[in-house]
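Everything below concerns the one structure shown next.
The values are calculated or read from the model by the stated rules, or taken from the named source; none is laboratory data. Keep in mind that what you see is a predicted model, and the values were worked out from it rather than measured. Ideal geometry is used to build each Cβ from the backbone, glycine not excepted, and the neighbour counts take in all protein chains shown.
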Amino acid sequence: MLILGFGVSDVLLGTLVYVCDRCGQNAAHEVVKRVRKFTLFFVPLFPASTRHLDTCTACGRTVELSQQQALAATGQ
């Protein structure tokens, strides 16, 4: 019997402070790299997908960013 699945890990790339488009608050926004990995017996083997997300800490609005946008916004 094989146990196959996916695991998700988040890496905080940076925190920015600006006015949110949705709530209008001057709030912190977290830029996160989310990696979904294929697992076998709960051991991560290889990445299946990677997304970059910008989340407002005031209202929870989440927007997907391209890798270039995420790296440019965090200064990396």
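Here are the numbers for this structure:
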| quantity | calculated |
| --- | --- |
| Cross-chain or 6+ apart pairs with Cβ under 6 Å, region 3-29 first and farther than 30 Å from F46 by Cα, then of a type in the set (S, T, N, Q) | V19/N26; A27/T57; A28/T15; A28/T57 |
| Only listed residue being part of a strand (DSSP E or B), on the phi < 0 side of the Ramachandran plot, hydroxyl-bearing (S, T, Y) and surrounded by fewer than 14 Cβ atoms within 10 Å (Cβ to Cβ), chosen from T39, T15 | T15 |
| Restricting region 48-68 to residues that are in a strand (DSSP E or B) and either at pLDDT below 95 or hydrophobic (A, V, I, L, M, F, W, C) (or both), the residue that is surrounded by the most Cβ atoms within 10 Å (Cβ to Cβ) | C56 |
